[in-house]
Amino acid sequence: MSGFVVENGRLHRWLRGLVQVVAVALVVVSPLVGGWQRTDASSLSAWGRDAYDLPLDVANALPPAADGQAVLDHSRVLFGGTGVELFGVSFVDPVVGAASVLRAPGDVGGWASFLLPLLVALLLGRVFCGWLCIFGVVSRFVDGLRSRLPLHPYEVGEQRWMRFVLLAVSTVASAWGLQHIAVHAIAYLALQHSIYGMWLLGGGGALVGWVAGLVVAGLWLGPNVYCATLCPTGAFFALMGRFRLVRVQLKDANACGPTCHSCDLRCWLSLHPSTGDAGADCDNCARCFSACPKDNLHITTGRGERRGRPLPVVMAMLLLVAPSMTWAADGNEPIMRPRLVVDEMRDLHTVAGAPLLVGVGVLDKSQTRMNLYSDLVVGGSEVTVVVGHGERPPKDARGRLQMRQTHQGPLELKVVRRGAALEHIHFDAPTAPKSTQRQTLYRAHVETVVQVGDEVWVMPVDSLFEKPLVFRAHEPRSGRDEAWGWALVGALLWSGLLSFAVATSRPPG
Amino acid sequence: MAKPTPMRKRLQSGWKQLKKPVPPDRRRFFLQGLVFAVAGLAFALWKATQARVQRRVVLGQGELPVRPPGAIVDDDTFQAACIHCGMCGMVCESGCIRFFGANDVEHGPVTPYLDVRRRSCVLCMKCTDICPTGALSPIARELPVIKEEVRMGVAEVDPELCISYLGRVCGFCHDACPIPKEALRLLPPAYPQVLDGCIGCGRCAEFCPQTPTAIMVKRRSA
């Protein structure tokens, strides 16, 4: 056996660190680079400034991007998380790839993208985990944190069957059309989706909470226990890794001290390179090299590996900067146009089965200027209500739609914040549009600025509806509240699963 | 007299002792796993009863969301085919593709939908190319093909709200429409009329100046 030998792992470790930094940076930044230009893509539209995806100063500071393709181009280093096209061939996560193949067995592209990572794993084993996985970087960071806390590390046995159960469950569930189980079970996908969700989709709260829960569970049970005992992708690569070509091996087993197991202690996946074979889970990270007092380990076409140092700077960026910018983005955008906070048409089939439509629109004009050059701010909010009922008559001969009956009598509105009514609005009759023959809208200007979470109550109208109808002011990025609850759910469930996994792992043999 | 061990040394050795990996007590771990899993499940179930899914798009009872172009028409089949990879939203040029939350079970967690009032589809058709499972089938980026193949939804006008119907001349929806005369035309004086060619891109809804919007894209009924 020949040619390929890595003797001193130093260059190897530096290279891996570099790849990890680039991978994490690109995952964090790529949605920004590709997606920032969406922030004002429709500035011509009536409500173009309604929903900034980013704070304006952040958007302005970013370089121009050609199109959304740039997101893809920049995330190629991670194979785009779940899947990406590279040189015309698509790569996907093997577990998601299995799902893809199961869902669409006739698709040649799906098979190719499923088999390619598999071939890489056959050659190099779990190399993805140590070199590219962003959750791997997070867990290394948490590991560094935990090593400074007075907590015992737990020995995890080398036989860890729980992950194969999870792999089987997520694959089988995918075949049944429950693919989100796979996305939730694979931490790096959940992490990447939540970063992407925060930047571009305005939310990702539940997913952020879920990943945060895993990090919390990792902090007290051991950060790498998830990677070692539960990760379905890791389990898949480990299955392939049994047969791999490139391995970490002892140079000379007899040269080791009789009780020395420094390399075992350094292994982030709780493997045992000191036995001469680090096992199928080794990811060629070469951490054990640096622990060996006799420099007695090498990578050759035979056996074992390891992975990254904590990357505090990158991780601080990931864990602090990205969420905090999302936090900061809330409600702080300079708005020159009215912001639409309620825009909802509700269909109530209450009047003897006949349609009853109640629509409410609320414009936040708190920062709206009279024109582009004016500093004068309009302020307040505009509340619009329409109540239509009955069936719509058929179109006339010219194809014009006919109006429903609209409520024309008195109407009461309330603006409610946290249970307390801020504004009572009374209409005797519809007020808008002015200067037209037919008025259908109840429209009023109120001084209260309707904020996200406030409610507009349309009070009961005799003979139409009996209970007040509640319309909630929504926000472009929701899900912040969700994150906390789901962080607790995640922490509890992950702690439970990790405890089971530790309890069920066994030493080899 | 023996020299007492300095405090620092003692602390260090204590720390080393503490940091030695210990074999896990299986019984304890199994029990605590049980406790955590049960507590987590109970809390998750309680949260599910409290579920207050916030989304921008307001969907009526049983109403289906507008999916990206080329999506499988039957929504259950679409949800089964979608693997929640998020690639369609990633390549989307206008950012109109959004995703249901991870806790939005009703419409499929992390499945794509269009919020056209916020941002409409620019018909770049990149999502159809990238989809790995055929949940979105590929469509060429040529207007004749798009006109033929894309049927995301159909615009609906509310004459009770439409400014033109109420007595003024507006026509914003017509000016915004990418395929005027085939998808939307104005009847004099300026009444918008949606035609069979409507593909559901939602430009009209995005540009409608009325609140609540007088024109909105709804999923085509079967």
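Each reported figure results from applying straightforward, stated rules to the coordinates on display, with no laboratory input. Since the structure is predicted, the reported quantities are computational estimates derived from the model, not experimental observations. Please note: Cβ atoms are built from the backbone with ideal geometry, for glycine as well, and neighbour counts cover all protein chains shown.
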When Cβ neighbours within 10 Å are restricted to other protein chains, what is their mean count per residue of peptide B:106-115?
3
Residues B:Asp158, A:Asp283, sorted so that the one with the fewest Cβ neighbours within 10 Å comes first
B:Asp158, A:Asp283
Spacing of the two label points (7 Å from each Cα toward its C-beta) at A:Leu219 and B:Asp196, in nm:
6.3
Averaged over its residues, how many other protein chain Cβ atoms are within 10 Å of peptide A:215-222's Cβ atoms?
1
Distance between Cα centroids, segment B:143-187 to segment A:115-152: provide it in whole Å.
52
Difference of contour (0.36 nm per residue) and Cα-Cα distance, A:Leu239 to A:Leu11:
79.3 nm
Efficiency by 1/(1 + (r/R0)^6): what FRET value for B:Phe30 and A:Arg346, r their Cβ-Cβ distance, R0 = 51 Å, to the nearest 0.05?
0.50
Most exposed first, judged by fewest Cβ atoms within 10 angstrom, B:Cys121, A:Cys285 run B:Cys121, A:Cys285
Which links in A:Lys414/A:Lys467; A:Lys365/A:Lys434; A:Lys395/A:Lys467; A:Lys467/B:Lys47; A:Lys434/A:Lys467 stretch past 22 Å when you go from one Cα to the other?
A:Lys395/A:Lys467; A:Lys467/B:Lys47; A:Lys434/A:Lys467
Sites A:Leu151 and A:His261 - FRET efficiency at Förster radius 22 Å, r taken between beta-carbons, to 0.05
0.60
Each label sits 7 Å from Cα toward the beta-carbon; between A:Asp428 and A:Gln402 the label points are separated, in nm, by 3.2
As a footprinting exposure proxy, order A:Val456, A:Val246, A:Val358 by other Cβ within 10 Å, with the fewest listed first.
A:Val246, A:Val358, A:Val456
Mind checking which lysines have their Cα closer than 25 Å to the Cα of A:Lys251? Skip sequence neighbours fewer than 8 apart in that chain.
A:Lys294
Per residue of segment B:157-166, in order, report the coupling 6.51 cos²θ - 1.76 cosθ + 1.60 (Karplus, θ = phi - 60°) as ³J(HN,Hα) in whole Hz, putting x for Gly and Pro.
9, 9, x, 5, 10, 5, 4, 5, 5, 7
Computed curve, segment B:1-141, Cα-only Debye sum without solvent term, log₁₀ I(q)/I(0) at 0.11 Å⁻¹, is -0.61
For chain B, what's the relative contact order in percent, using C-alpha pairs closer than 8 Å and at least 6 residues apart?
18
Under the definition of partner shielding as Cβ atoms of other protein chains within 10 Å of a residue Cβ, what is the mean value for peptide B:17-25?
6
Compare the Cα positions of B:Met87, B:Gly33, B:Gln61 along the charge dipole of segment B:1-97 (+1 at Cβ of Lys, Arg; -1 at Cβ of Asp, Glu; about the Cα centre) and return the one farthest towards the positive end.
B:Gly33
Given charges at Cβ of Lys, Arg, Asp, Glu: segment B:87-222 dipole, positive-most of B:Gly153, B:Leu187, B:Pro109:
B:Leu187
For the pair A:Asp252 and A:Arg438, how long in nm is the line joining their label points, each one 7 Å along Cα→Cβ?
9.7
